[in-house]
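The values are calculated or read from the model by the stated rules, or taken from the named source; none is laboratory data. Nothing here was measured: the structure is a model prediction, and the numbers come from that model. Every residue, glycine as well, gets a Cβ built from its backbone with ideal geometry; the counts of neighbours run over all protein chains shown. Quick note on the areas: whole protein, heavy atoms, side chains included, nothing else; ligands and nucleic acids left out. Shrake-Rupley method; radii C 1.70, N 1.55, O 1.52, S 1.80 Å.
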Amino acid sequence: MDISRGCYWIGYPGNLYPVGDNVGEVGLEHDDEPKITRILGGGISARVNRTRANRTWAVTIPDAEVDDVTNLQALLALGIPSGYAWVTPFAQVTNVLTPEQSMLRSSSPALALSGAWPIADTGGQKFAIATRLNPSAAFGNIAPVTVGPCPIPPWWAGRKVTVSSYLATARPQGAYVVLQWLNAAGAPMGTPVQGNAVTGMDGVRRSVATGTPPPGAASCRWTNNYAEVIAQPAGTWTDSPTTWGVGGGAQRVLVHGLRESIGEWAVANDQSRIREDVSFIVLETGPLT
C-alpha cells in the first residue's frame, strides 16, 4: 500500500490507520429525507432534521491486496468501541474540519453570522460565505477565536498540515492565524506556527500557517488573532493552501456491512495473486450540531 497515493484513514486522533490506496468510486449520502405525514383535517406536515443530516460513505476496494484492508480488519477485530475518526482523501486536500467547524458554527467563542464578504484582490468576483463578526477584536484587541480540533496525519508519514482562515481587521499590524499542535489528551504541545498577517476592512484576506506535526501530536487547532471578521477556516494535509471547501471530516463514525469476496486468484506461494474484493459502510454518528 502506497500512502502517498491518497488513502482513507480511520481510527482515533493520534492513532489513525490507512485503508486502501486503490479505492473505487465512493458513494456519499446525506440522511436528509423529510418525513411527510398527513394530519387531521387533511393537511400535510413536513418534519425535517433540526441539525445537519448525518453522512454515509459506501466504500469499495476492488481487487484489494492484503495490506489494503488489514488495518481496518484489525481495528474491528480488536472490539474497541466505535466512534472512530474518518478522513477521506477528498477531505485531506479540501478541508479536514467537520462541516460545522468549517462554517464557524462551533468556534470558541461563538460568533454572530454576518453574511457574505468580498475576498479582497479578486475584483469583486469572489465572496467568502458564512462570515462571522468578532466585535471583541475592535480597537486592536487580540480576541482569539479558536477553530478545531481536527485530526492530523501520523507524524512518521512526513506529511505537512496547512491551516487557514479568511480575516479582516482595521488593526495596522494585521490579523493572523496561529497553528497549535495537541497531544492525545488535547493539551498544547510543540511550537506554535504563526501565519502571515493580513489587514484591511475592504474585504477578507487569507492568513495561512503550515507546519509538520511533531512526534506525539494527535490533532491540531488554530486561533484567529486580532480579526474583526472571520470566514472559511480550512485544514488540509498539504504543504500549501488549496481551494476552500466545506469541511469533509467526520469525528465519530461506525463501520458496518463489511463484505469480503475472495476469488480464485488467492493462490498460495504467489503473493501478487492473494487478492479479495472488499466493501463496507461508514456511518457518521456525531457530533452533529
Which numbered condition trips up PHE127, out of (1) under 21 Å from ASN224 (Cα atoms); (2) touching a helix residue (DSSP H, G or I) at 6+ places or on another chain (Cβ under 8 Å)?
(2)
Sort out which residues of the stretch 168-182 are open to solvent by 10 Å² or more (accessible area, probe 1.4 Å), closer than 21 Å to ALA234 by Cα and not aromatic (Phe, Trp, Tyr), and write them in order of number.
VAL178, GLN180
Any residue that is over 30 Å from ILE262 (Cβ atoms), out of contact with any Gly (no Cβ under 8 Å at 6 or more places or on another chain) and open to solvent by 40 Å² or more (accessible area, probe 1.4 Å) - is there at least one of those in the stretch 67-83?
no
Restricting the first residue to the stretch 229-258 and requiring it to be free of Cβ contacts under 8 Å to residues at least 60 places away in the same chain, which pairs with a second residue that is open to solvent by 10 Å² or more (accessible area, probe 1.4 Å) meet a Cβ separation below 7 Å and a spacing of at least six or different chains?
HIS256/ILE281; HIS256/LEU283; GLY257/ILE281
In the stretch 130-182, which residues are of a type in the set (A, V, I, L, M, F, W, C), touching a Leu at 6+ places or on another chain (Cβ under 8 Å) and within 13 Å of GLY211 (Cα to Cα)?
VAL161, VAL163, VAL177
Looking only at the stretch 250-283, count every residue that is open to solvent by less than 30 Å² (accessible area, probe 1.4 Å), at pLDDT 65 or above and of a type outside the set (A, V, I, L, M) and tell me the total.
2
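Residues are listed down the side, and each one gets a yes or a no for (1) small (Gly, Ala, Ser); (2) in contact with a Phe, Trp or Tyr (Cβ under 7 Å, 6 or more places away or on another chain):
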residue: THR199; (1), (2): no, no
residue: ARG206; (1), (2): no, yes
residue: THR223; (1), (2): no, no
residue: GLU228; (1), (2): no, no
residue: ALA231; (1), (2): yes, yes
residue: TRP237; (1), (2): no, no
residue: GLY247; (1), (2): yes, no
residue: GLY257; (1), (2): yes, yes
residue: GLU260; (1), (2): no, no
State whether one or more residues within the stretch 35-51 are over 16 Å from TYR8 (Cβ atoms), open to solvent by less than 40 Å² (accessible area, probe 1.4 Å), at pLDDT below 85 and assigned to a strand (DSSP E or B).
yes
Pairs please, first residue from the stretch 107-135 and in contact (Cβ under 8 Å) with a residue 24 or more places away in the chain, second anywhere and aromatic (Phe, Trp, Tyr) and open to solvent by 70 Å² or more (accessible area, probe 1.4 Å), Cβ atoms under 7 Å, 6+ apart in sequence or on different chains.
TRP117/PHE127; PRO118/PHE127; ILE119/PHE127
Would you pick out the residues in the stretch 190-215 that are open to solvent by less than 50 Å² (accessible area, probe 1.4 Å), touching a residue at least 60 places away in the same chain (Cβ under 8 Å) and not in a strand (DSSP E or B)?
PRO213
Residue check, GLY6 against (1) of a type outside the set (Lys, Arg); (2) open to solvent by 40 Å² or more (accessible area, probe 1.4 Å); (3) at pLDDT below 80; (4) closer than 30 Å to ALA185 by Cβ, all met but one. Which one?
(2)
Across the stretch 113-130, which residue is most open to solvent (accessible area, probe 1.4 Å) among those that are of a type outside the set (D, E, K, R) and over 26 Å from the mean Cα position of the chain (by Cα)?
GLN125
Since THR70 meets every condition but one in (1) more than 21 Å from the chain's Cα centre (by Cα); (2) modelled with pLDDT under 80, which condition does it not meet?
(2)
Filter the stretch 131-167 for residues that are open to solvent by less than 10 Å² (accessible area, probe 1.4 Å) and under 17 Å from GLU100 (Cβ atoms) and give the result.
THR131, VAL145, VAL147, CYS150, VAL163, SER165
Residue set THR98, THR88; condition more than 23 Å from GLN194 (Cα to Cα), among the β-branched types (Val, Ile, Thr) and crowded, with 17+ Cβ neighbours inside 10 Å; output residue THR88
Among the residues of the stretch 101-112, which ones are open to solvent by 60 Å² or more (accessible area, probe 1.4 Å) and either at pLDDT 90 or above or under 30 Å from TRP86 (Cβ atoms) (or both)?
ARG105, SER108, PRO109, ALA110
